[in-house]
Structures are given as structure tokens and as C-alpha cells.
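Each remark here refers to the structure printed beneath this line.
The values are calculated or read from the model by the stated rules, or taken from the named source; none is laboratory data. Treat the numbers as computed from the prediction; the structure is a model and nothing was measured. Virtual Cβ from ideal backbone geometry, glycine too; neighbours counted across all protein chains shown. Surface accessibility is based on the protein's heavy atoms, side chains included, excluding ligands, DNA and RNA. Shrake-Rupley method; radii C 1.70, N 1.55, O 1.52, S 1.80 Å.
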Amino acid sequence: MRTLLKNGTVINVFTGEEEQAQVLMEDDRIVGVGDYNEQDADETQDVSGRYICPGFIDGHIHIESTMLTPGEFARAALPHGTTSVMADPHEIANVCGAAGIRYMLEASEGIPMTVYIMLPSCVPATGFDESGAVLTAEDLEPFYSHPRVLGLAEVMDYPGVIARDREIMKKIRAAIRHGRTVNGHAPLLSGRELDCYIAAGIGDDHECSSVQEAKERIRKGQRVMIRQGTAAPNLRDLLPLLEEPWAHRCLLVSDDKHAADLLNNGHIDAAIRMAAQDGRNPITAIRMATLWAAECFGLCGVGAIAPGYTADILVLDDLHQVRIRHVYQKGRMIVENGRMHPWNPPAVCPDLEKNVRSSFHINVLSERDFYMKQSGKQKCHVIRLVKHQLITEDWITDIDFDKKGGVDLNRDILKIAVAERHKNTGHKCIGFISGTGMKRGAAASSIAHDSHNLIIIGTNEADMAAAGNRVREMGGGCAAVADGNILAELPLPVSGLMSEASAPAVAEQNQKLWESERLLGVPGDVELFMLMAFTSLPVIPHLKITTQGLVDVDRQRIVPLCE
């Protein structure tokens with residue numbers, strides 16, 4: 001079957017030029033770009049006045065963080081022009097181990113989006129985590145034979161790399177031996193330690209939050225993944241990278257993107273649009289989202305409008321607004337005039353389905369579970385959120401345990417707890433957090449990177465127990481509670497991470513969660529559930545909380561709550 005797109009303006013991502021040319025597709029490939037006519041094709045689409053560009057590639061995403069299964073994620077992202085993603089399933093792998101990786105491969109097989117997989121490098125993220133599984137280099141080895149596995153995902157254990165820890169180095173060397181890409185994750189690492197990290201074979205990083213940090217990495221040979229996600233929208237701070245000599249070493253990623261944000265604001269198209277609105281060349285951003293992303297992962301024949309390339313093609317009404325009219329994925333029109341053509345999701349092995357839906361094991365909680373043994377006034381470590389960043393600060397301040405158990409709404413100090421939920425060990429840690437703005441109630445979630453234990457933030461112990469118990473009853477999810485009443489909830493029965501519902505339904509529930517945050521007193525510029533999910537990730541500076549205690553990320557050690 002030959003299809004001709006005629007009279008459009010082709011975005012040449014090799015040169016950055018705009019070209020008047022006809023594009024001829026045959027089955028899943030582009031066979032010609034140039035002087036073709038209707039006699040060369042079986043069908044013709046006249047795209048006069050429109051632009052033709054490659055389908056967008058998200059170079060680093062955790063599909064689980066959209067709270068959608070792979071098929072539903074594709075339904076949400078395809079109308080925004082995303083035809084390929086590099087997915088790191090380390091969220092579900094931390095819950096279900098190798099079965100989680102197999103589930104993501106099966107659930108994405110044959111859908112009209114190419115879901116490449118990067119194998120999780122850190123399950124658990126560090127020795128301070130208590131996840132549902134442990135994956136060794138030997139556990140990952142069989143997956144390298146799968147055609148959609150491209151390499152090793154973000155190596156978060158940068159202290160282990162610097163110390164040349166035996167297990168993490170085995171994983172890196174295995175990926176290199178197979179000729180695959182190794183992704184990085186080393187926020188704020190610099191100088192000699194960065195040199196040591198890169199020398200291990202790690203080729204990129206998505207954790208840059210400043211231009212200075214990004215330029216150091218590019219100068220040392222890494223690629224920079226410019227992240228525009230729900231919790232960490234870094235693009236605005238990194239816009240200067242959209243100029244040479246930096247741009248060709250960059251690609252666009254989302255990392256973590258909530259369903260409502262995806263549906264309402266867009267995906268990679270939103271990042272390109274933001275760049276254009278800032279006066280940057282949208283073609284440069286498109287090159288980051290297509291060819292340069294493909295080159296980062298060593299993909300040939302992907303990410304360009306050229307003979308022999310995969311026919312992942314977008315037809316845009318407007319270049320600066322990135323208005324997408326048609327989407328072709330492997331030569332098949334899957335989005336027409338902005339509307340998705342119907343398709344059926346793949347079947348998943350029943351044993352895998354059972355495995356990923358039986359992941360929540362924790363006893364009923366009571367308010368006594370959130371009492372603290374300390375008394376009087378003591379100096380304590382408090383996790384202080386940094387607005388629009390995943391980085392937190394270690395705030396040492398006086399806590400009066402005799403007044404409301406240490407909660408101090410006047411200083412925005414609340415309780416935070418993490419409870420193990422995979423094997424019912426009963427392990428938990430209780431600390432303090434500042435920066436949420438919450439004035440009443442509690443919020444709980446089974447999304448708590450990366451081990452995904454039960455995390456709860458609250459102003460009082462009774463509401464903390466009620467919120468945690470509601471998440472337990474749902475088999476995973478998110479819940480907001482005030483005065484014992486459920487204000488909003490989002491069930492996530494697939495590993496406590498993903499919903500069974502459609503993208504619009506999840507987005508609606510997601511929106512109600514955001515609205516419930518306002519009822520709890522959380523300011524409109526704080527996305528509580530996304531931020532709280534990262535307060536338990538002990539590889540992002542500076543102070544985090546896990547079931548084993550408060551973690552000083554910089555020194556990689558457990559610290560006591562009180563000095």
C-alpha cells in the first residue's frame with residue numbers, strides 16, 4: 001500500500017531546513033521525498049499549507065507515572081504526536097521485579113506506538129530502600145534478546161558507580177557488552193566525581209536543573225535530556241540550550257507526567273510549543289524530539305522524513321503552535337483530524353495480570369501508628385520541599401513534640417510517614433515535612449519513588465490513618481481525607497501504580513485529586529501528590545525518607561530524626 005502526502009512543507013531534521021516536497025510511504029517505510037505524484041501512490045492526502053515532520057520521541061518516561069496502562073497511555077499521547085517512547089519500567093519492577101518488566105513488554109506489544117524499554121538499573125534504588133523485588137545483572141540478562149530493549153535505564157546509584165560497586169558495574173558492563181545505551185541520573189554531580197561517573201560508560205542525564213550543570217555535562221561528552229514533566233518542569237530554565245553548540249547534544253523528555261497534565265496540556269508537543277513561545281526556533285526543538293533522540297539510543301532509520309526511515313509522520317497545521325492534524329505510525333494513519341482511530345489493546349498473560357494486581361500487603365492502620373515516642377522540644381531534621389524541584393532541603397529546627405505531636409501549621413511543618421506495603425514487614429518511619437502548605441487533613445499514596453511503599457502526609461494522626469487505610473482498601477492508589485471523610489481518591493490496582501480506567505477517566509479522577517489538595521489548603525502552585533511521591537527517593541538530594549529512616553542523600557547515610 002503506497003500513500004502520498006502532497007503539497008506539504010517537510011521539516012528536514014538533518015539540516016534544519018523547510019522543504020517543499022512530496023512524501024511517499026509504502027507500508028511502514030518512507031520510500032521517497034521529492035518529486036512524486038498521484039500516479040506513484042494508491043492513495044493521496046493533500047496537505048497543502050501544512051507541515052510534515054517526524055513523529056515525536058520521548059527519550060525518557062516512566063509510563064507507570066501517568067497512572068495509565070501502556071495502551072491507555074498511547075491513546076492519550078498519540079494525538080499529541082508521540083509515536084515512540086523510551087520507557088523505564090523501574091516503577092513496576094520495584095513492585096513486581098522481572099514480572100513487571102514482562103508485563104510492560106506484553107502490554108505494549110502491537111499497540112500503535114513503539115514502546116522501547118530501558119532495563120531498570122536500580123531495583124531497589126539504593127540499599128536504603130525496601131522494595132518488593134531485587135533485580136541483579138543476571139536477572140536482566142535475558143531481556144537483552146528482546147528487540148525493543150535498548151539498554152540500561154537511569155543509573156541512579158551514582159555513589160555506587162563512583163565507588164565502582166561490583167553489582168552496579170556488572171549491570172553497566174553487560175549493557176555495554178551488548179552494544180546498548182546506558183542512561184544516567186546524577187543530580188548536581190560535578191567535577192571529578194562526574195568524570196568518574198561518565199567514565200563508567202554513562203552517556204546522558206535528565207536531572208539537570210541549571211544551564212551551568214547541563215553545559216558541564218555536554219562539554220564532557222554526555223547528552224542532556226531536557227525534562228518537562230509534571231513535577232519537574234525544567235525546560236524554562238534550560239531554554240538557552242536550544243542554541244548551538246549545545247542543541248544537537250540535547251533531547252526532550254517528560255520523565256513523569258500525570259494523566260490530566262498529558263491530556264490537558266500535551267506531551268512533547270507542549271515542550272516544543274513552550275520553546276517556540278519563548279522565541280526559540282521550533283525546528284530546533286523538533287530535531288531534539290526526533291532525530292537527536294533516536295541518535296542518542298543508536299536507532300537507525302528512525303526520527304526523520306527520509307527514504308528508508310520508519311513512516312512515523314506528523315502533519316501539523318501550525319509549526320509554532322504545534323497543532324497536530326494527522327498522525328501516521330509505521331505508515332498507518334492512527335490519528336485523523338485530531339481524532340484517534342479505534343484499535344484494541346493486546347492481551348497479557350493471565351499469570352502476569354494476577355501478579356501485578358496482587359501487590360498490596362499491609363495491615364490496617366490506626367492513628368497510634370503515627371504517634372512518635374519523643375517528648376518536649378528538640379532539634380529535628382525536617383524535609384523541606386523546593387518549589388518546582390525534586391530536590392529537597394535538610395532543615396534543622398526546633399520541634400515541640402508536646403504540642404500536636406510536633407505538627408506546627410504556623411510554620412508549615414506536618415508529619416510524613418512511609419510504611420512498607422510489599423511483604424507486610426510492619427516497617428515504617430515517621431518524620432516531618434515543610435513546604436506543602438497543607439492546613440487540614442491528610443493525603444496518602446502508593447506511588448512513592450522508587451520502592452513505592454505507602455506514603456502519607458498529614459496534619460493529624462487520625463486522618464493519616466484514614467487516608468492510608470483507603471489506599472490499602474483500593475489495593476493501591478491515592479486518597480485525600482479531611483475530618484475522616486474521603487475528599488477524593490484514585491484507585492490504582494495495577495501494582496499500586498496504574499489504573500484500569502481510560503485516560504479521560506483517570507484524568508478526571510486526577511483533576512479531583514488536585515481540587516482536593518486545595519480543600520486541604522495546599523496552594524495552587526504545589527502539586528502535592530507528585531511531590532510527595534519523590535520525598536522517599538534516596539538518590540535525589542538532600543534529605544529523603546524511607547521505611548528504614550531519614551536518608552542524608554549527599555552522605556548516603558541514615559540520620560536520626562532528632563539531633
Within the range 391-405, can one find any residue that is out of contact with any Leu (no Cβ under 9 Å at 6 or more places or on another chain) and within 22 Å of residue 523 (Cβ to Cβ)?
yes
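How about the range 324-351: which of its residues are surrounded by fewer than 16 Cβ atoms within 10 Å (Cβ to Cβ) and either closer than 17 Å to residue 45 by Cα or in contact with a strand residue (DSSP E or B) (Cβ under 9 Å, 6 or more places away or on another chain) (or both)? Working first, answer last.
Within the range 324-351, the first condition is being surrounded by fewer than 16 Cβ atoms within 10 Å (Cβ to Cβ), and the residues that meet it are 336-344, 346-347, 349-351.
Passing the criteria: 336, 337, 338, 339, 340, 341, 343.
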Evaluate the following for residue 279: is it on the phi > 0 side of the Ramachandran plot, out of contact with any strand residue (DSSP E or B) (no Cβ under 9 Å at 6 or more places or on another chain), open to solvent by less than 50 Å² (accessible area, probe 1.4 Å) and not aromatic (Phe, Trp, Tyr)?
no
Limited to the range 1-16, what total is found for residues that are touching a Lys or Arg at 6+ places or on another chain (Cβ under 6 Å) and in a strand (DSSP E or B)?
1
Please state which one of 154, 141, 193 is modelled with pLDDT of 95 or more, open to solvent by 40 Å² or more (accessible area, probe 1.4 Å) and within 18 Å of residue 217 (Cβ to Cβ).
193
Which of (1) closer than 28 Å to residue 16 by Cβ; (2) free of Cβ contacts under 8 Å to residues at least 24 places away in the same chain is the odd one out, the single condition residue 33 does not satisfy?
(2)
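Determine which member of the set 149, 123, 115 is open to solvent by less than 10 Å² (accessible area, probe 1.4 Å), at pLDDT below 95 and aliphatic (A, V, I, L, M). So that I can check it myself, show each step before the final result.
Details: 149 fails: at pLDDT below 95; 115 fails: at pLDDT below 95.
The match here is 123.
Do we find a residue being open to solvent by 10 Å² or more (accessible area, probe 1.4 Å), farther than 22 Å from residue 383 by Cα and either touching a residue at least 60 places away in the same chain (Cβ under 8 Å) or assigned to a helix (DSSP H, G or I) (or both) anywhere in the range 475-483? Spell out the reasoning first.
Initially, the range 475-483 is screened for residues open to solvent by 10 Å² or more (accessible area, probe 1.4 Å), giving 475, 483.
Retained after the next criterion (residues that are farther than 22 Å from residue 383 by Cα): 475, 483.
Now narrow it down to the ones that are either touching a residue at least 60 places away in the same chain (Cβ under 8 Å) or assigned to a helix (DSSP H, G or I) (or both): 475.
So far as the range 475-483 goes, yes, one or more of its residues are open to solvent by 10 Å² or more (accessible area, probe 1.4 Å), farther than 22 Å from residue 383 by Cα and either touching a residue at least 60 places away in the same chain (Cβ under 8 Å) or assigned to a helix (DSSP H, G or I) (or both).
So how many residues does the range 176-187 have that are more than 15 Å from residue 198 (Cβ to Cβ) and not charged (D, E, K, R)? Please lay out each step first, then the result.
If we filter the range 176-187 for residues that are more than 15 Å from residue 198 (Cβ to Cβ), which is where we start, we get 177-180.
From the residues that got through so far, the ones that are not charged (D, E, K, R) too are 178-179.
The qualifying residues number 2.
Filter the range 207-223 for residues that are outside any helix (DSSP H, G or I) and either among the small types (Gly, Ala, Ser) or within 30 Å of residue 514 (Cβ to Cβ) (or both) and give the result. Don't jump to the end; show me each part of the working.
To start, the set of residues in the range 207-223 that are outside any helix (DSSP H, G or I) comprises 207-210, 220-223.
207, 208, 209, 210, 221, listed by residue number.
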Going through (1) crowded, with 22+ Cβ neighbours inside 10 Å; (2) in a loop (DSSP other than H, G, I, E, B) one by one, residue 134 fails only at (1)
Could you check, for the range 412-425, whether at least one of its residues is open to solvent by 50 Å² or more (accessible area, probe 1.4 Å), at pLDDT 95 or above and either assigned to a strand (DSSP E or B) or farther than 19 Å from residue 365 by Cα (or both)?
no
Scan the range 498-517 and give yes if some residue there is surrounded by fewer than 18 Cβ atoms within 10 Å (Cβ to Cβ) and either of a type in the set (Ser, Thr, Tyr) or in contact with a Pro (Cβ under 7 Å, 6 or more places away or on another chain) (or both), otherwise no.
yes
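Which of the following residues is in a loop (DSSP other than H, G, I, E, B) and without any contact (Cβ under 8 Å) to a residue 12 or more places away in the chain: 112, 147? Reasoning before the result, please.
Numbers: 112 fails: without any contact (Cβ under 8 Å) to a residue 12 or more places away in the chain.
When all the criteria are applied, what remains is 147.
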Does residue 389 qualify as being under 30 Å from residue 237 (Cβ atoms) and either outside any loop (DSSP other than H, G, I, E, B) or at pLDDT below 95 (or both)?
yes
Those residues of the range 448-460 which are open to solvent by 10 Å² or more (accessible area, probe 1.4 Å) and either among the aromatic types (Phe, Trp, Tyr) or under 21 Å from residue 393 (Cα atoms) (or both) amount to 459
Can you name the residue in the range 352-366 that is surrounded by 15 or more Cβ atoms within 10 Å (Cβ to Cβ) and β-branched (Val, Ile, Thr) and is also farthest from residue 24 (Cα to Cα) among such residues?
362
Output the residues belonging to the range 17-48 that are open to solvent by less than 70 Å² (accessible area, probe 1.4 Å) and not in a strand (DSSP E or B).
28, 40, 41, 47, 48
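Only one residue in 463, 394, 398, 369 is modelled with pLDDT of 95 or more, open to solvent by less than 30 Å² (accessible area, probe 1.4 Å), outside any loop (DSSP other than H, G, I, E, B) and not aliphatic (A, V, I, L, M), so which one is that? Spell out how you get there, then give the answer.
Values: 394 fails: open to solvent by less than 30 Å² (accessible area, probe 1.4 Å); 398 fails: open to solvent by less than 30 Å² (accessible area, probe 1.4 Å); 369 fails: open to solvent by less than 30 Å² (accessible area, probe 1.4 Å).
Going through 463, 394, 398, 369 in turn, the sole match is 463.
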Given (1) more than 30 Å from residue 328 (Cβ to Cβ); (2) over 22 Å from the mean Cα position of the chain (by Cα); (3) of a type outside the set (A, V, I, L, M), where does residue 145 come up short, assuming only one miss?
(1)
Do we find a residue being touching a Cys at 6+ places or on another chain (Cβ under 6 Å) and within 25 Å of residue 125 (Cα to Cα) anywhere in the range 474-487?
no
Counting only residues that are within 21 Å of the chain's Cα centre (by Cα) and outside any helix (DSSP H, G or I), the range 271-317 contains a total of 3
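Could you list all residues from the range 256-270 that are under 15 Å from the mean Cα position of the chain (by Cα) and either at positive phi or among the hydrophobic types (A, V, I, L, M, F, W, C) (or both)? Spell out how you get there, then give the answer.
Of the range 256-270, the ones under 15 Å from the mean Cα position of the chain (by Cα) are 256-262, 266-268.
Hits for the range 256-270 are 259, 260, 262, 266, 268.
Suppose we filter the range 157-206 for residues that are outside any helix (DSSP H, G or I), of a type in the set (Ser, Thr, Tyr) and in contact with a Phe, Trp or Tyr (Cβ under 7 Å, 6 or more places away or on another chain); how many remain?
Filtering the range 157-206 for residues outside any helix (DSSP H, G or I) gives 157, 163-165, 178-190, 200-206.
Add one more test, that the residue is of a type in the set (Ser, Thr, Tyr), and what stays is 181, 190.
Filter again for in contact with a Phe, Trp or Tyr (Cβ under 7 Å, 6 or more places away or on another chain), leaving 181.
So the answer is 1.
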